[in-house]
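Q: Quick one: structure below, then a few questions.
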């Protein structure tokens, strides 16, 4: 009996002991904050409560999720002290167990854990100031402005600079939030610094550029090479750039080589060297540039036709084509293969002395380029071109019926007098049409054309004849219609 009582007392002690151990174990934890808002630079010390409350709280592990927010948006130490760094959203994780905070899957699946959602809000700018309210240029080229955004811990600290008149001064970004202001022209402008792009928080600085006497004057080019025919300008440089503007007078040492135009551009006239001088108003400052005008070299010459005709007693001006067209030296030496038949003078004018054929050669003075053509000296009648501008004909077994026109063009160098036009039948020799009216014929100058219109009525294979006179001699020109 005593043994049975001892066993029951022992079992009761074990049960009591077991119950006490259960009270010592933490089954859940809770953070004092489940949501919070901070600003960069602010800190918060978390506290943790365990359940059951009598249980001893073991070591708490701390982490920030997502991991890339750690040390970027905020940081938390091993005691649960959180420091906000940059604006953003993340969660603070507290858990009991494995302290490997990179094992996110474990944290998410941990039985004993607690989280707090944290938002770090930006610190908005409330003001901006420029270190100078006014800057004045009295010969300086550049000055530096600095700006600072308030409060000092504002999240966005980038300053945007602008100027209301970019002709007076230019702005160039400097270090940090500074700007380099460079004077360009005498006058006034306002520089504005903004606490962020399109921000309404601004600060301004007045800029005044006082006119100054030019201290230096030069030309951008001390030497310049151009070609004949070029039109160009030479840029001048005045220092400082915002010096009082003076008129610039231009001079050229040899106006045969180059000349100054009304708009102060320069035209290259002929090959050679000269000096271009620029004089700055009444300052006594001047600058020069040595100008070399180079010729445009000839590459080739040619005739526009390979053959030409000249009437006996007539003449023709021959012209060559120059490549390039604007070559500087277009002098040509002319020669004829037979000056007795057709001599050529120094200007390329060929005289038709007697019937025959000659070769005329042109040799360029520049480069010795050669061009040849053949000139035929023919009777005046062979210088006429007979053709048919219009026709509306019915041709039946060689017989022509309908309306047509016939033209004669005077390709000679002389003026002729048309005296008669005939249409004749090549079969019978009859002349069904003959025109002698001077009002319809008359004089025909060099290069001119006369056209007559008429009606044919059953004319067999018609021929066409023009008669004319020149210098007391009579000539004929013939034509035949080819369908």
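Every read-out reported here was derived from the displayed coordinates using simple, explicitly stated rules and does not represent laboratory data. In this text the structure is predicted, and so the values were computed from the model without any measurement. Cβ sites come from the backbone with ideal geometry, for glycine too, and all protein chains shown count toward neighbours.
Q: For the chain, calculate the relative contact order in percent as a whole number, restricting contacts to Cα pairs under 8 Å that are 6 or more residues apart.
A: 7 percent
Q: Can you sort 454, 303, 197 by how many other beta carbons sit within 10 Å, fewest first?
A: 197, 454, 303
Q: So for 408, 201, fewest C-beta neighbours within 10 Å to most, what's the order?
A: Fewest-to-most ranking of 408, 201: 201, 408.
Q: Please compute the Kirkwood hydrodynamic radius of segment 277-425 from all pairs of different C-alpha atoms, in Å with one decimal.
A: With all distinct Cα pairs of segment 277-425 included, I get 19.9 Å.
Q: Quick one: Kirkwood hydrodynamic radius for the chain, alpha-carbon pairs, angstrom, one decimal?
A: Answer for the chain: a Kirkwood hydrodynamic radius of 35.8 Å.
Q: Here's another thing I want to ask about it. Ranking 338, 437 by Cβ neighbours within 10 Å, fewest first, what do you get?
A: Least crowded to most crowded, the residues run 437, 338.
Q: Where q = 0.10, 0.13, 0.18, 0.24 Å⁻¹, what log10 of I(q)/I(0) comes from the Debye formula for segment 381-480, counting one point per Cα?
A: -0.27, -0.44, -0.81, -1.28
Q: Now, a different point. Please give the Cα centre distance for segment 311-383 versus segment 126-187, rounded to the nearest Å.
A: If you average the Cα positions of each part, the centres end up 76 Å apart.
Q: Say R0 is 22 Å: what FRET efficiency, to the nearest 0.05, do residue 426 and residue 455 get from their beta-carbon distance? It would help to have the intermediate numbers written out before the result.
A: Working: r = 19 Å, r/R0 = 0.84.
Working from the Cβ atoms, E equals 0.75.
Q: Suppose we look only past 19 Å in the calculated P(r) of segment 284-353. What percent of the Cα-Cα pairs does that tail hold?
A: Distances greater than 19 Å cover 51 percent of the Cα pairs.
Q: Suppose only helical runs count, i.e. DSSP H with n ≥ 4. What mean residue ellipticity at 222 nm does that imply for the chain under -39500 (n - 2.57) per run, divided by all residues and rounded to the nearest 500 deg cm²/dmol?
A: The per-residue figure over the chain is -2000 deg cm²/dmol.
Q: Right, next: Would you work out the Kirkwood radius for segment 127-209? I mean one over the mean of 1/r across all pairs of different Cα atoms, in Å.
A: Values: mean 1/r = 0.0782 Å⁻¹.
Every distinct Cα pair counted, the radius reaches 12.8 Å.
Q: What three numbers, in Å, describe the spread of the alpha carbons of segment 197-306 along their principal axes, ordered from the longest?
A: Cα extents, longest axis first: 83, 42, 22 Å.
Q: Which whole-number percent of Cα pairs in segment 163-218 have a distance greater than 15 Å?
A: 56 percent
Q: Give me the percent relative contact order of segment 217-280, please, defined on Cα pairs under 8 angstrom at least 6 residues apart. If you can, show how the numbers build up before the last one.
A: Details: 95 pairs, mean separation 23.7, N = 64.
Here the relative contact order equals 37 percent.
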